[in-house]
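**Student:** Here it is, the structure, as structure tokens.
Nothing in this text is a laboratory measurement; each read-out follows from the coordinates by a stated rule. Just so it is clear, the model here is predicted, and its values are computed rather than measured. All Cβ positions, glycine included, derive from the backbone under ideal geometry; neighbour counts span all protein chains shown.
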Amino acid sequence: MVASTPVWVVVVVVVAAGAVGAGFFAGYEYRGSPAAHPAAVENRTLSILAAGTLTSFFPPLANDTAAANPGTSAPAAAQTYEGSLDVTTAVTSLSARADVAAVADFRLIPSLLEPSSASFEVVFASTPEALVYNASLAAFDGINESNWGTTLVNAVGTAGVPPFAVWNASTDPNGYNEMFDMMLQGMIYGGGNASVYSHFYGGTPGAYGTPLSATTKLEHESQAASLLSTGVVSSLITYRSYAIANHLSYVTMNPIVGLSANNSSALADYAKLGTEILSSTNTLTTVHPAPVLFAATVPKDAPNATLGAAFLHTLISPEGEAILAAGGAFTPIYPAWTDDPSAVPSVLAPDVTTMPSWASNLLA
């Protein structure tokens, strides 16, 4: 592999908006859930805060959960899908109350919500990173798993090819994951150079990283499909689940590059990389690569904790697995992994198991 490759630390600073108390953080807005209001609680409304890529998968599961629990409802207005770090910030800093909180990085719940705002997490699915591109552009002809890095570099920035979409790494794990994909692609296929990364981010690895305006466009990942179809951007890195759900053209990556591998070689390579993001307290914190694993919890102040647990039960049931796995979007994990078997609601106990050691080690 690349044992001699030095540690790369990329600093990404995003200034938090001044109106944090009003529901704004790092350019995103939390839409208050009806479940925060007494009347909605009385009516047993299922409320969800979840990662943006789950917007195609959670609503049908929410409807099924409500249908199985008479007197409950799961309106779209009570579901907010946004960056995973926005989800944790909403719970901890914006007084958001939800029955379910779900994120795209399984490390976030233990590190940011436990123990004050949550008691456990269940890791329910994985999905790798993928490069999505506009197949109508000739510049991407012949792109594949091995050459996507050089093809992307050659395509973006040339005449007639729109920029590459980048995400806010301080609010969305895919913002830092796409950096890691680029770095790893250079390490494995580029002899240790950082040409893929440096084409889109200013400064050498180890220096302050800023998206380059000539080749990138900073956007919200939830708008990726629209941005691509309207020609605002030519390409982007996102989860395979999002690409499949939105019928986008994509190429897979080497399992290590795509952050789906968990063998010793992958974990050793991941340990060499890092990026700093702005935390909810406006301080820089370091993040390292890890396999992409989606996780969920029932927050301690959930208006309807029993209903939240019922949703998670549906999520990890055969029904939930079928919805997640449709088209190859996610790889469901069953039994689901948990960081604390003693803390999960009783309805989930038969369907969870202790997290494997390689994963729990990444929570330290």
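**Student:** What are the ³J(HN,Hα) values, in whole Hz, obtained from phi via the Karplus relation 6.51 cos²θ - 1.76 cosθ + 1.60 with θ = phi - 60°, for each residue of the stretch 333-338 in sequence order, with x given for Gly and Pro?
**Tutor:** After applying 6.51 cos²θ - 1.76 cosθ + 1.60, I find 10, 9, x, 5, 8, 9 Hz.
**Student:** For residue 293, which sequence-distant residues (separation of 5 or more, or a different chain) have an amide H within less than 5 Å of its own amide H, given hydrogens modelled in the peptide plane?
**Tutor:** Under 5 Å from the amide H of residue 293: 106.
**Student:** At 37 °C and 0.692 mPa s, what whole-number value in µm²/s does Stokes-Einstein give for the translational diffusion of the stretch 236-285, with Rh from the Kirkwood sum over Cα pairs?
**Tutor:** In µm²/s, the coefficient rounds to 246.
**Student:** Hey, can you rank 97-104, 301-308 by average C-beta count inside 10 Å, highest first?
**Tutor:** 97-104, 301-308
**Student:** What ³J(HN,Hα) values, in whole Hz, does the Karplus curve 6.51 cos²θ - 1.76 cosθ + 1.60 give for the stretch 287-295 when θ = phi - 60°, with x put for Gly and Pro?
**Tutor:** So the Karplus estimates, Gly and Pro as x, are 10, 10, x, 7, x, 6, 9, 8, 9 Hz.
**Student:** Sticking with this one: Can you list, bin by bin at 10 Å, the percent of alpha carbon pairs in the stretch 127-203, starting at 0?
**Tutor:** 18, 52, 30, 1
**Student:** What is the Cα centroid distance between the stretch 77-111 and the stretch 305-364, reported in whole angstrom?
**Tutor:** About 17 Å separates the Cα centre of the stretch 77-111 from the one of the stretch 305-364.
**Student:** Given that compact globular proteins tend to follow 2.2 N^0.38 Å, what is the ratio of the alpha-carbon Rg of the stretch 36-175 to that value?
**Tutor:** 1.35
**Student:** Suppose R0 equals 45 Å; then what is the FRET efficiency for residue 334 and residue 95 from their Cβ-Cβ distance, rounded to the nearest 0.05? Show your work: numbers first, answer last.
**Tutor:** Details: r = 34 Å, r/R0 = 0.76.
That pair, residue 334 with residue 95, gives E of 0.85.
**Student:** Residue by residue through the stretch 80-94, which ³J(HN,Hα) values in whole Hz follow from phi under the Karplus form 6.51 cos²θ - 1.76 cosθ + 1.60 (θ = phi - 60°), with glycine and proline marked x?
**Tutor:** Along the stretch 80-94, the couplings run 10, 10, 7, x, 4, 6, 5, 4, 5, 5, 4, 6, 8, 10, 10 Hz.
**Student:** Continuing with this model, one more query. Calculate the all-directions average of the projected area of the stretch 151-295's alpha-carbon convex hull, and give it in nm².
**Tutor:** So the Cα hull casts an average projection of 9.0 nm².
**Student:** Given a Förster radius of 25 Å and the C-beta distance between residue 342 and residue 301 as r, what FRET efficiency does 1/(1 + (r/R0)^6) yield to the nearest 0.05?
**Tutor:** Working: r = 20 Å, r/R0 = 0.81.
So the FRET efficiency works out to roughly 0.80.
**Student:** Work out the FRET efficiency for residue 263 and residue 285 from their Cβ-Cβ distance, taking R0 = 22 Å, and round it to the nearest 0.05.
**Tutor:** The value I calculate is 0.25.
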